[in-house]
Structures are given as C-alpha cells and as structure tokens.
Amino acid sequence: MGSELARAVHRKEAGSARIIGLFDEYHLGRETLAKELAFGADSEPIQVDTVVELVSLPNLDLVIECASQAAVVAHSETVLNAGISLLVMSSGALILPGFMRKVSAAAHESGATIYIPSGAVGGIDALRASKALLEEVTIVSTKKPTSLSGAPGFAEWENKEITEPTVIFEGSAIEAVGLFPANVNVAATVSLAGIGPDATKVRVIADPNSPGNVHEINAVSKAGKFSFRFENMPHETNPKTSFLAVLAAIETLRSICEPGLRIGT
C-alpha cells in the first residue's frame, strides 16, 4: 500500500503533497521505489535507515504509515514527539490497551495530528456524529480464504478446505485486530469512530465465493438505525487490502494538503 500511495503522490493525485523521504526495512523494495519516483521528478526521494533519520529530514510535515500494527507501536511516539503529524493505515494498533492514550498525549504535547483514513468502508461520519447516542455496532467482514491466510486467527483453518461461508471469528474489535492484524483494521476504525473496541462486535467470515472484501456495518442508536454494505474489490497488488482503502488514504492525504471544500469531515 505504501508504494501505491507514493505513486499516487508522484502522479499529483494527492494535491500538493510531495515525497521527501522513504523508510522501509526492506531495502531492495525501498531502493526500487525511490528510483521509480525519481523518474520525471527534480530529484529522488531521500532514503533513510531509521525513523529517527526520517523525522529529522527538513520540510517534513507528515509521516504515512503503511507497514503494520507493530510498526505503529514501535515508531508512533518518535514521529509525534518530533512534532510531525502521522497518518495511520494500521489503525488496529490504536485500540491496543493504553496505546491510544500514549500517542494522543504525545500528539497533544507536540501539536502534531493523528489521521486515520476511513479505509475500506464508509459511514464513519454517521458513527462519529451519533457517537454519544450509539447503543450497538456490529461489523461483519467476509473475505475469500486466501485473503485470510497467514492470520493468527485463521491458523486452524489453513489446511482445511472451505467450500461455503464459514464463521472464522466472532467477538469484540479488540480481540479481532490481534487475530487478524492485516485484515480487519477497518473494525478498529469503526470502533474508534463509534462505541469503542470492547463494545464493537466483529464477525469474520471466510467464503470462497465472496465477490470481494465485503464489510457490513449495522448500528443502533437513539438517532436511528444505520446499515452500510461495502463490496470491495481486493487491490491488485495486495489481496488482503481493499482497493477502496487505498483510495481513501489518497483522499485523506489530498484533504490534508489542499484547502477548500470539505464534505463529511
């Protein structure tokens, strides 16, 4: 996803955003991307070996995380303490017990901002608007078994043939993000917008005939009942990520960089 976002910036699809530096522990991938981004540009992005070096680069305003929940936990405070804002894709890390308080405190102290794109779903604005009135929020995520492969929560199913829709997990958002760290960050985002990770209910379904990565959100509040269904195509370079998640990140970045009309934010 990081590469796709970088390419979008390079194509000027994210407003006035420009890439200053790249950090990736996978050096070959980083070097390949840097050379690609240098084509048609005035200069090649600066490659760094640590996040400390990254936040020390001049004219840096925002760091975009596209790595993992572990990366968010390891590096968020370094970024925020430097006064650099942070756009988090692996939002599941932010609902780990106590972690959101730590990073929020760091951001408040330095004046930085933490951005979380809506990801592979919509309706986040409705959940935020009715947050104080919400009584129940459930999200059901349905994916092909291959998209769930490798997740700790899918371990007992790895060598089993799944021929029909099968419930793999049912529990809270806080439980789900630990078991499916690359698959259900959307559940974390929904929980942060709504009634919290402990109260948000999550169901993960493996379906070999699923039309894509499907997310269904149902909310009950004193303001009304809301239902949203998103039938997403997996991104062509990463089947565990929905195409919409990439587009949402690009739009979030564009809205950060460009003044003017804001809708639903």
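Table for the structure above
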item: Exclusive hit being farther than 14 Å from residue 253 by Cβ and at pLDDT 95 or above, set 80, 87, 62; result: 80
item: Residue within the range 3-11 that is at pLDDT below 95, of a type in the set (D, E, K, R) and within 29 Å of residue 95 (Cα to Cα) present; result: yes
item: Among (1) closer than 12 Å to residue 202 by Cβ; (2) touching a strand residue (DSSP E or B) at 6+ places or on another chain (Cβ under 8 Å), the one test that residue 144 misses; result: (1)
item: Selected residue (only one of 129, 155, 193 is in contact with a Leu (Cβ under 6 Å, 6 or more places away or on another chain) and hydrophobic (A, V, I, L, M, F, W, C)); result: 193
item: Residues satisfying the stated conditions in the range 39-59, i.e. in contact with a Gly (Cβ under 7 Å, 6 or more places away or on another chain) and in a loop (DSSP other than H, G, I, E, B); result: 45, 57
item: In the range 75-97, residue least open to solvent (accessible area, probe 1.4 Å) [restricted to those that are out of contact with any strand residue (DSSP E or B) (no Cβ under 8 Å at 6 or more places or on another chain) and farther than 21 Å from residue 182 by Cβ]; result: 83
item: Residues that are open to solvent by less than 80 Å² (accessible area, probe 1.4 Å), farther than 30 Å from residue 184 by Cβ and assigned to a helix (DSSP H, G or I), drawn from the range 20-38; result: 31, 34, 36, 37, 38
item: Test: residue in the range 98-105 that is more than 23 Å from residue 199 (Cα to Cα) and either acidic (Asp, Glu) or open to solvent by 50 Å² or more (accessible area, probe 1.4 Å) (or both); result: yes
item: Residue match in the range 65-72 (condition: modelled with pLDDT of 95 or more and over 20 Å from residue 238 (Cα atoms)); result: no
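The values are calculated or read from the model by the stated rules, or taken from the named source; none is laboratory data. Just so you know, these numbers come straight off a predicted model, no measurement behind them. Virtual Cβ from ideal backbone geometry, glycine too; neighbours counted across all protein chains shown. We work out accessible area using only protein heavy atoms, side chains counted, and drop any ligands, DNA or RNA first. Shrake-Rupley method; radii C 1.70, N 1.55, O 1.52, S 1.80 Å.
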